[in-house]
Structure formats: structure tokens, C-alpha cells
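Notes follow the structure.
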Amino acid sequence: MSAESTPIPGSPGGKGRRRKPRSKGSKGLLITAWVAAGIVVVGGTGAGYVYFKLNGNLKSVDIDQVLGSERPEKVDNGSENILVLGSDTRSGSNKELGGGTDDGSARSDTAMIIHVYEGHKKATVVSIPRDTLIDRPECTDTDGKEHDAASDVMFNTAYTTGGAACAVKTVETMTDIRMDHYLEVDFSGFEKLVDELGGVTVTTTRNIKDTDSHLDLKAGTHELTGAQALGLVRTRHGVGDGSDLGRIQLQQAFIKALVKQVKSVGVLTNPKKLYDLADTATKAVTTDSDLGSVNSLVSFASGLKGISPSDMTMVTMPVRYDPANPNRVLVQETKAQQIWTALENDRAIPRSATEGTATGQAKGVVTS
């Protein structure tokens, strides 16, 4: 999708400049933050059991310890950058949802950088196509295992190879922007979260049918179940050109519908619904260690709950189709650098950064 406003330039896919880090400052996908903000109400009831139950649900990884000091500097301008991944594991309860073979691996089926601007009134979401060919840096995973660098590999191999730590390092190398936080949501958690919300309403402007993602929607308005929502954000063959870029356009449209739904269900005035959502949300996510407690997640989420769908700009990292393989894309480095520099300086993304780039031809197919 195209950007809605303004500035500036560096080099995705290559080594970013390295600077001394400063001390730490302070969905599916974005939904976790909005839901977690409501946990404040539960905590306010003095129900200690509820707090410890939710706290025990959370899983976290210590990204900072693994990556050490070789990271971009945290820019002190009041903004925050969060890497959000949708994990594509084929094991456990995800096998039936994800399909395919349980080969013991996991993939980052969805990857987004969420930039929250100073004041926390607006946000930009930059989707990174999983099929982008990049130079992956050497990295160490959270178990201490070292992984060699690799050239011309798909972006999502970073997560498959070394999990969250390697995914974060790869994104920071591409963008030269420090990721302040990390959030990961899995298939089964996403489905349950949508069902707990009572479904999400979207309108499709054409039929969408994809046997691979078990999706069959006629043109019109639908209240999607969790399974249907999962099928929608995973489909790549049901609409558009069959590429990952089309899937990203559907994902971006669905996220806006999801945020709209969260804001309309009135969880803050319904303690039972709030608890059910919070229980599901905290089970569904893995966070960085800084967000690995209910108190931390609530504090973080409270700063985001004022952001409405109209305050969110959705873009895709500028790419072009690989002439050697139409199923892969290559970074348009000059345009991508405009995005990274804009975010680093807490500015709106210029229209020129997303004009003339490859698209998936699914824009406008889903609206909220």
C-alpha cells in the first residue's frame, strides 16, 4: 500500500552503520497491545490470582543479552520501533491450522516493523515480504548457538535459522534502526484471539477462494471467525497475483479491521470478556524480556491504546520482482532507505518511497 505523507535515505540488505548503543529506554499482531492495555482494569480489582495467572502465561526471550552491544543506537526522540512476527510453526496445535509437514522448524510467515511516533498518537507499519532475498548476517540464537551469515536467502530464513534473536539482528542490519521491542504471535493463538473478540467484520469487494488456506468468501460483508481470519491473512493464491505482496495487502487491511473491532467491543466495561481476551492474548504471544511481565506489557500497551485505524499508515518495504525468479523479490534499496531514514528521524514516510514498487494487486479487496 502506498504511504500517506513525508521523508529521507541508507541500505537495506546490506550492513548498516554500527554505533555505540545507549542505555535502554523505556495481532494477532498489534491486537495484543490493545488487549493488554485493558488488563489494567483487572489489576485494579485487586485480584492477585488473575495477575499471576496472566503473568505465568507470558513467554519471553532476552534479545538484548543475545545481541549484546553490536546494535544500532537507540535514537532518543520519543519514538519506538517494535518488530512483530507471525510465526508459522507446523508443530502442535498449529499443524492443523498451518498445514504442511511438521519438520520441526518454524517460519516468520508475517513480519512487520511498527513505528510509534513521539506522543504515541500515530503509527506506521512497514511490512517486510517474507520472500525478499537478502544477505543474512551471522547471528547467535537464544540457546547460544552460532549461525553463519548467508547471501541471497529469503528474509524469513532468519527466524527459521536462529529464532527471534536472528530475526531481530537481520532487521536491524537491513534498516540500521534499533528494535526497541519484539512481539511474536502464533497461528493457534491468533485464531483463538479473533474468536474471543466475537469475530472481525470485513467487506470483500470480490470473491476470495484458496483451498490451501481453507478460505472461501463471496464478495460482500462478513463477520470472520478465527479460522476464516487466519485463512485471510495467510492466503496468497485466492486473490491478486498470487504473491506474498498480495497477502501483505490483505494483512494490512485486516489489521485495521481488527483494531477497529477491539476498540468497539467494550472490553474495559466487561471484566469477564476482558479476562478471557487477556488470558488468550498472553498465551498467544512471545515478547522480548522487557515486555515479559503483565506490568511491563500493560505499561507499553497503555501508550498505544489511543492509536486508531485512521492514525495508522500501512506500507510495504519497497521491492521489485526478481527477474530470475518471479516468486522472489529484491529490495529497492534507495526507496527503502527513504523509509528507514524517515522512521529513524520520527518523520512521516514520503510518497516517493512507495511509488513505482512491486505490489500484489490486492489493494482494496478487503476493507473495514
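The values are calculated or read from the model by the stated rules, or taken from the named source; none is laboratory data. Worth saying up front: this structure is predicted, and the values here are computed from it rather than measured. Positions of Cβ are generated from backbone atoms using ideal geometry, with glycine treated the same way; all protein chains shown enter the neighbour counts. Just the protein is used for accessible areas: all its heavy atoms, side chains included, with ligands, DNA and RNA removed. Shrake-Rupley method; radii C 1.70, N 1.55, O 1.52, S 1.80 Å.
Heads up, I need the accessible area for HIS214: 1.4 angstrom probe, whole protein in place, Å², nearest 10.
130
Can you tally the net charge around ILE307? Count Lys and Arg as +1, Asp and Glu as -1, for every other residue whose Cβ sits under 9 Å from the Cβ of ILE307.
The answer is +2.
Cα-Cα over 24 Å: which of LYS59/LYS145; LYS273/LYS305; LYS74/LYS169; LYS122/LYS273; LYS59/LYS192? Numbers along the way, then the final one.
Working: LYS59/LYS145 20 Å; LYS273/LYS305 17 Å; LYS74/LYS169 14 Å; LYS122/LYS273 27 Å; LYS59/LYS192 17 Å.
Beyond 24 Å between Cα atoms: LYS122/LYS273.
What do you reckon, how do TYR182, TYR321 stack up by accessible area (1.4 Å probe), largest on top?
Working: TYR182 0, TYR321 80 Å².
Reading off the accessible areas and sorting them downward yields TYR321, TYR182.
Could you sort 55-65, 169-179 so that the peptide with the highest average Cβ count within 10 Å comes first and the rest follow in order? Each step should come with its number before you reach the end.
On the way: 55-65: 15.7, 169-179: 24.6.
Descending mean neighbour count gives 169-179, 55-65.
From the C-alpha coordinates alone, can you work out the Kirkwood hydrodynamic radius of the range 195-286, in Å? Don't skip to the end; give the middle numbers.
Details: mean 1/r = 0.0711 Å⁻¹.
That comes to 14.1 Å for the range 195-286.
Averaging sequence separations of C-alpha pairs under 8 Å and six or more residues apart, then dividing by the length of the range 189-249, give the relative contact order as a whole percent. Please report the intermediate quantities before stating the final value.
Working: 94 pairs, mean separation 19.8, N = 61.
Relative CO of the range 189-249 lands at 32 percent.
Could you rank the peptides 71-84, 124-137 by their average count of other C-beta atoms within 10 Å per residue, with the highest value first?
Values: 71-84: 19.4, 124-137: 22.9.
Highest mean packing first, the order is 124-137, 71-84.
Using the Cα centre of the range 236-368 as origin and beta-carbon charges of +1 (Lys, Arg) and -1 (Asp, Glu), tell me which of SER289, GLN261, LEU250 is placed farthest towards the positive end of the dipole.
GLN261
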